[in-house]
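Chemist: The structure that follows is given in the form of structure tokens.
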Amino acid sequence: MLAKKLEINKKDENLSSKFNIVLIDQNEMLLDLLDHELTKHKGFSVIRTSNGVELLNKEDLEPDLILMDMIMEGVNGIELIKKIRSEDRFAKIKIIILSEKLNESIVEELKSLSVNDVIQKPANIGEVIFRVERSLKHQI
Amino acid sequence: MAIGAYLAVMVTLSRLLTLRDKKKYRSLKNKYSTLVFESMRNNEARESLFELLRVNPKHIPIVKEVCSDLLNEVGGETKNSVIEILEHPLIKDHYLKYFNSFNKKRKVKSLLYLRSIKTIPDSEVSRAISLVDHRLHYLAHASALVILASAKDNLHESVLIKMCKRSEDCKYTVVELLWEYWDNEFIPKEEKLICFQVLLGSEDISVEMKALLVRIISSFNEKEFSIYFYDLLKFLIELDLQKKHYSFLAALISALGKFDFKTAEEEIIKATSVDNKAVKIAAIRALIKFKTTRAIQELVTIYSTSKDYLKKEISYLTEHDMDLSKTIVRSEVSVKNINEPE
């Protein structure tokens, strides 16, 4: 991990290729668009799923950031974040919420679960990408 | 035996063909999705997308579907880029041609396209208005959606009133119309508030429909509505009109409770004596939300004196709030002790 960070400090343009991002959303088209932007134009490595439980079941997966909706199959968004935070391998992972169902109390709850950023849908994709990059830069 | 075998072959064949078509459609959609995403970034990609569509006009609906799916999820500049693609003359002409078609399916497709780009060409406005009166509800509904999504603010109020009047048998279609209007970015919020006031004051709209309108409007979570809801509640209570308007009254009280509008406390307490279950329950819920001294006092009185279903409602609503629950039950015991003969 340290070696990864040092390399990034040396050459910032290589930043993207060093990070794995997991996308969780039920809207296939939005997943397609985010996947396209993050991989083709920014060079991130992206894993996509419509179901958060799959993420927990993949033991070899070590993402750097999760960009997720609050609504998904099988589990509620808050429950999933709690489960993610309870696992050691995900303890320092960055989480960004991209959701329509947001209000003050949900945002407060998300903050208490150490969520790094919250974006209201419908969102400008340029802004989403910017916030993803910003969160990952803070990790360095 | 032979017929059975023939049918089995035919069924298998048709399933295989459907699977093949679905697979082909998926791969085409993926291809066009990538082209649409690239078109949002650079003009060259956009040119090649439309060149491809010129050669294969049958693929226009696929691009329209990709763009419509995206519009539901994206905003800001991304949304504008998607709308720009949809407004390209090649796509626009394709769907406007459908608007003049006698085929109703095509007409609806055209209307849904216009709803996506949130524009009605001036030449089609009168036709869109006449469709709101069409005997087929789905055509009227689609046409109303187009008008409500557009910037034609002089038409919104009359279309909403018309649709509220004609939707008595399928009230819940009004939910989509009101949300479309509320999400209309061309219209300032103040104008929308005035339009909703006109709907709630209109004599052409039934009381049941007005109750539904209040429930929908309160789901927009816009607290500015509370003052108007409060005025309506006062009007109904002061003029003793509640008997004819139970559902409307219950909806108004629920909305005021939801907005935590404590100014309405006195009127809501008065409403607890209205002889209607829905109104009483709405009032109890609002008082529990307010949690003021006066509201708790009223809840204690209701708990100690009224029917079982109200007691159950209070117990159920306060079960997550131990302090409030204890206050109401303990006070009820003390009220009973005072009343018991020595």
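Chemist: Looking at the structure I just gave you, is B:Ser143 buried (at least 17 other Cβ atoms within 10 Å of the Cβ) and not in a loop (DSSP other than H, G, I, E, B)?
Modeler: On the way: buried (at least 17 other Cβ atoms within 10 Å of the Cβ): yes; not in a loop (DSSP other than H, G, I, E, B): yes.
Criteria met by B:Ser143.
Chemist: Another one. Scanning for something within 14 Å of chain B (Cβ to nearest Cβ), touching a residue at least 12 places away in the same chain (Cβ under 8 Å) and part of a loop (DSSP other than H, G, I, E, B), does the stretch A:53-67 turn up at least one residue? Write out each step before concluding.
Modeler: Let us first name the residues in the stretch A:53-67 that are within 14 Å of chain B (Cβ to nearest Cβ), namely A:67.
When the remaining residues are screened for being touching a residue at least 12 places away in the same chain (Cβ under 8 Å), the result is A:67.
Add one more test, that the residue is part of a loop (DSSP other than H, G, I, E, B), and what stays is none.
No; the residues of the stretch A:53-67 include none that is within 14 Å of chain B (Cβ to nearest Cβ), touching a residue at least 12 places away in the same chain (Cβ under 8 Å) and part of a loop (DSSP other than H, G, I, E, B).
Chemist: Can you find, within the stretch A:29-44, the residue that is nearest to the other protein chains (Cβ to nearest Cβ) among those that are under 17 Å from A:Pro63 (Cα atoms) and in contact (Cβ under 8 Å) with a residue 24 or more places away in the chain?
Modeler: Narrowing the stretch A:29-44 to residues under 17 Å from A:Pro63 (Cα atoms): A:31, A:34-35, A:38-39, A:42-44.
Still in the list and also in contact (Cβ under 8 Å) with a residue 24 or more places away in the chain: A:34, A:38, A:42-44.
Details: A:Leu34: 10, A:Leu38: 11, A:Lys42: 12, A:Gly43: 15, A:Phe44: 15 Å.
Per the criteria, the residue is A:Leu34.
Chemist: I need the full set of residues from the stretch B:298-327 which are touching a Ser or Thr at 6+ places or on another chain (Cβ under 7 Å) and either at pLDDT below 75 or in a loop (DSSP other than H, G, I, E, B) (or both), in order please.
Modeler: Across the stretch B:298-327, the qualifying residue is only B:Glu319.
Chemist: Report yes if A:Ser99 is under 18 Å from A:Phe19 (Cα atoms) and hydroxyl-bearing (Ser, Thr, Tyr), otherwise no.
Modeler: Numbers: under 18 Å from A:Phe19 (Cα atoms): no; hydroxyl-bearing (Ser, Thr, Tyr): yes.
Criteria not met by A:Ser99.
Chemist: Go through (1) within 20 Å of A:Asp25 (Cβ to Cβ); (2) among the charged types (D, E, K, R); (3) within 14 Å of chain B (Cβ to nearest Cβ); (4) exposed (fewer than 14 other Cβ atoms within 10 Å of the Cβ) one by one and return the number of the condition A:Glu104 breaks.
Modeler: Status for A:Glu104: all satisfied but (1).
Chemist: Now a separate question. Does B:Tyr32 satisfy the criteria of being of a type in the set (Phe, Trp, Tyr) and surrounded by 16 or more Cβ atoms within 10 Å (Cβ to Cβ)? Explain how you work it out, then say what you get.
Modeler: On the way: of a type in the set (Phe, Trp, Tyr): yes; surrounded by 16 or more Cβ atoms within 10 Å (Cβ to Cβ): yes.
Yes; evaluated as a whole, the condition is true for this residue.
Chemist: Now for a separate question. Taking B:Leu17 as the residue in question, decide whether it is among the aliphatic types (A, V, I, L, M), away from every other protein chain (no Cβ under 12 Å) and surrounded by fewer than 17 Cβ atoms within 10 Å (Cβ to Cβ). If you could, list the steps in order and put the result at the bottom.
Modeler: Values: among the aliphatic types (A, V, I, L, M): yes; away from every other protein chain (no Cβ under 12 Å): yes; surrounded by fewer than 17 Cβ atoms within 10 Å (Cβ to Cβ): yes.
Yes: the conditions hold for B:Leu17.
Chemist: Being surrounded by 19 or more Cβ atoms within 10 Å (Cβ to Cβ) and not aromatic (Phe, Trp, Tyr) is true for just one of B:Ile217, B:Ile227, B:Ile187. Which residue is that?
Modeler: Sole residue among the options that is surrounded by 19 or more Cβ atoms within 10 Å (Cβ to Cβ) and not aromatic (Phe, Trp, Tyr): B:Ile217.
Chemist: Going by what's in this entry, would A:Leu110 be described as within 14 Å of chain B (Cβ to nearest Cβ), farther than 14 Å from A:Asp25 by Cα and surrounded by 15 or more Cβ atoms within 10 Å (Cβ to Cβ)? Working first, answer last.
Modeler: Numbers: within 14 Å of chain B (Cβ to nearest Cβ): no; farther than 14 Å from A:Asp25 by Cα: yes; surrounded by 15 or more Cβ atoms within 10 Å (Cβ to Cβ): yes.
When the stated conditions are applied, A:Leu110 does not pass them.
Chemist: Please verify whether A:Leu34 is farther than 29 Å from B:Met40 by Cβ and either assigned to a helix (DSSP H, G or I) or at pLDDT 90 or above (or both), treating the condition exactly as stated. Even if it seems obvious, please write down each step before you answer.
Modeler: On the way: farther than 29 Å from B:Met40 by Cβ: no; either assigned to a helix (DSSP H, G or I) or at pLDDT 90 or above (or both): yes.
It is false that A:Leu34 is farther than 29 Å from B:Met40 by Cβ and either assigned to a helix (DSSP H, G or I) or at pLDDT 90 or above (or both).
Chemist: Could I ask something else about it? Taking the conditions exactly as written (modelled with pLDDT of 90 or more, assigned to a helix (DSSP H, G or I), over 22 Å from B:Asn221 (Cα atoms) and more than 14 Å from chain B (Cβ to nearest Cβ)), does A:Glu133 satisfy them or not?
Modeler: yes
The values are calculated or read from the model by the stated rules, or taken from the named source; none is laboratory data. Source: prediction; values computed, not measured. Don't worry about glycine lacking a Cβ; one is built from the backbone with ideal geometry, like all the others, and counts go over all protein chains shown.
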